[in-house]
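Scroll down for the structure; my scribbles are underneath it.
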Amino acid sequence: MIETDQQLQQFLATIHGEKLLAIDTEFKRIDTYYPILCLVQIATQTAAECIDILAIEDLEPLFDKLYQSECVWIVHSARQDIEALYYLSKRLPNYLFDTQIAAHFLNHPAQISYQKLTEILQGVVLDKAYTRLDWTTRPLPEPAIEYALDDVRYLIKNYSMLNTQLLAEQKFDWLMAEGQDLTDVGLYVPNLTQAWTRIKGLSALPKSTHQKAAQLAAWRESEAITNNKPRKWIMSDEQLMNYSLGKEKLSDQAKKSFTDFLTQHPELVETRIQVNTHQMPTKTEKQQKNDLQKLIQKIAVQYNLDETLIANGKSLMKFIRGDQSVKFLTGWRYHILKEELEHAKQS
């Protein structure tokens, strides 16, 4: 395991010309708002190493390599890895090949694990013994380091096999477009005005309380960020809803903090939110949804796709009710659906 800046420099020199980087991370996120990045594992065609992020003083050389414009990240279920690295580097990868998404394009289950995919593709059964390890532990047990390295050792071969099939089925560009979506900085930068979307059960509150709930959610998010604590440690959803309803009252100190926060964020004073309450579909809507699902199923079979990758029931109902922002009206999805959707409109 790489534990010194000098060892890191030596490793980076050995992979200087490598463009395909198999990447995984280990982090802890139990009592903090931000993930504590502990390890970064990198494999290339010729090398594989664990980098002890907690021991390295200067991470910039590592980031310079990871975020080179020509480097392709090969990751399985990439979002949390991108996030954990983003909070330290404030950078995002340029090209991403997510093997979990790639597998879904080839009709494997949507959330297939790295272990299961590796077993299917390579016949290798990987150990799961250290799934719940506290990765801030030092020194790390040697078997745990091997476990972490296994998470990248087989990634490049998985990538190669999936990539060959994607190219054969003309889906490579689709996969890269999905990867590009994961490099949207908006996924990783806290948005106070959207903090209310994290409240479970908000739709059960009276509409008159929604503005207060949204403001409290924004304040809770800000406090969680400032104190680097989980938002539920600042205020649970149940407490937040009780404060919104007036069933509980903030302490004097919390009330002052909340008032000061709103003063600093005037955009939240008049905030308006749109909570989607469950509205039962009409008979006509049910028929329209059924017709669209049959269309999706037909296209899915044609392209050897899981139909939910194209559109799920929720997005179909949104579309039926006039929402033009649904994902299947853009990109590769619209490309394969356009003709059928136009035909459905005319019939």
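The values are calculated or read from the model by the stated rules, or taken from the named source; none is laboratory data. Since the model is a prediction, treat every value here as computed from it, not as a measurement. Backbone-built Cβ (ideal geometry, glycine too); neighbour counts: all protein chains shown. Remember, those area values only see protein heavy atoms, side chains included, never the ligands or the DNA or RNA. Shrake-Rupley method; radii C 1.70, N 1.55, O 1.52, S 1.80 Å.
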With the 1.4 Å probe rolled over protein heavy atoms, segment 160-269 has an accessible area per residue in Å² of 57 Å²
With N residues in segment 75-231, what two-decimal value do you get for its Cα radius of gyration over 2.2 N^0.38 Å?
1.31
Past the 21 Å Cα-Cα mark, which pairs from Lys207/Lys256; Lys207/Lys247; Lys90/Lys157?
Lys207/Lys256; Lys90/Lys157
Selection from Thr25, Pro61, Thr14, by position along the positive dipole direction of segment 1-77 (Cβ):
Thr25
Taking the Cβ of Glu83 as the centre, find all other residues whose Cβ is under 13 Å away and add up their charges (Lys, Arg: +1; Asp, Glu: -1).
+2
For segment 1-107, give the magnitude of the charge dipole about the Cα centre (Cβ charges: +1 Lys/Arg, -1 Asp/Glu; no others), in debye to the nearest 20.
380 debye
Filter the trypsin sites (Lys or Arg not before Pro) in segment 188-274 down to the DSSP loop ones having no more than 15 other Cβ atoms within 10 Å, then list what survives.
Lys200, Lys247, Lys249, Arg272
Per-residue ellipticity at 222 nm for the chain, helices alone: DSSP H runs ≥ 4 residues times -39500 (n - 2.57), over residue total, nearest 500 deg cm²/dmol?
-15000 deg cm²/dmol
With +1 on each Lys and Arg Cβ and -1 on each Asp and Glu Cβ, how big is the dipole of segment 224-296 about its Cα centre, in debye rounded to the nearest 20?
280 debye
Modelled FRET efficiency - R0 51 Å, Asn290 with Ile30, Cβ distances, 0.05 increments:
0.70
If you take every residue apart from Lys298 with its C-beta less than 12 Å away from the C-beta of Lys298, what net charge results, scoring Lys and Arg +1 and Asp and Glu -1?
-3
The percentage of Cα-Cα pairs in the chain separated by more than 39 Å is 29 percent
Simple label model, 7 Å out from Cα along Cβ direction - Asn163 to Leu245, nm:
5.5 nm
A 1.4 Å probe over the protein heavy atoms gives segment 167-308 a carbon and sulfur accessible-area percentage of 49 percent
Which whole-number percentage describes the relative contact order of segment 216-328, with Cα contacts under 8 Å and a sequence gap of 6 or more?
15 percent
What shape does segment 1-96 take by its C-alpha gyration tensor, where a ≥ b ≥ c are the square roots of the eigenvalues and a/c under 1.5 counts as rounded, a/b above b/c as prolate, and the rest as oblate?
oblate
Can you pull the one-decimal nm distance between simple spin-label points at Gln180 and Ala13, each 7 Å off the Cα toward Cβ?
3.8 nm
With both bridge residues required to lie in the chain, what share of the DSSP beta bridges run antiparallel, to the nearest 5%?
60 percent
By the Cα gyration tensor axes a ≥ b ≥ c (a/c under 1.5 gives rounded; else a/b larger than b/c gives prolate, otherwise oblate), the shape of segment 185-327 is prolate
Prolate/oblate/rounded label for segment 153-193 (Cα gyration tensor, a/c 1.5)
oblate
Projecting each Cα onto the charge dipole of segment 97-225 (Lys/Arg +1, Asp/Glu -1 at the beta carbon, about the Cα centre), which of Tyr147, Trp135, Met176 comes out farthest on the positive side?
Trp135
Per residue, how big is the convex hull of segment 290-334 when only Cα atoms are used? Give it in Å³.
62 Å³
Give, in whole angstrom and from largest to smallest, the semi-axes √(5λ) of the equivalent ellipsoid of segment 46-136, with λ running over the eigenvalues of the Cα gyration tensor.
26, 18, 12
Which percent, nearest 5, of DSSP beta bridges in segment 1-151 are antiparallel?
60 percent
Have a look at Thr330, Ala47, Pro230 and report the one farthest towards the positive end of the charge dipole of the chain, computed about the Cα centre with Cβ charges (Lys/Arg +1, Asp/Glu -1).
Thr330
What net charge is computed for the residues neighbouring His265, neighbours being all others with C-beta under 14 Å from the C-beta of His265, Lys and Arg scored +1, Asp and Glu -1?
-4
At 7 Å along the Cα-to-beta-carbon direction for both Thr136 and Asn304, put a label point, then send me their distance in nm to one decimal.
4.7 nm
Find how much the distance from Ile120 to Glu57 grows on full extension, using 0.36 nm per residue of separation minus their present alpha carbon separation; answer in nm with one decimal.
18.7 nm
Based on Cβ point charges of +1 for Lys and Arg and -1 for Asp and Glu, what charge dipole magnitude is obtained for the chain about its Cα centre, in debye rounded to the nearest 20?
1980 debye
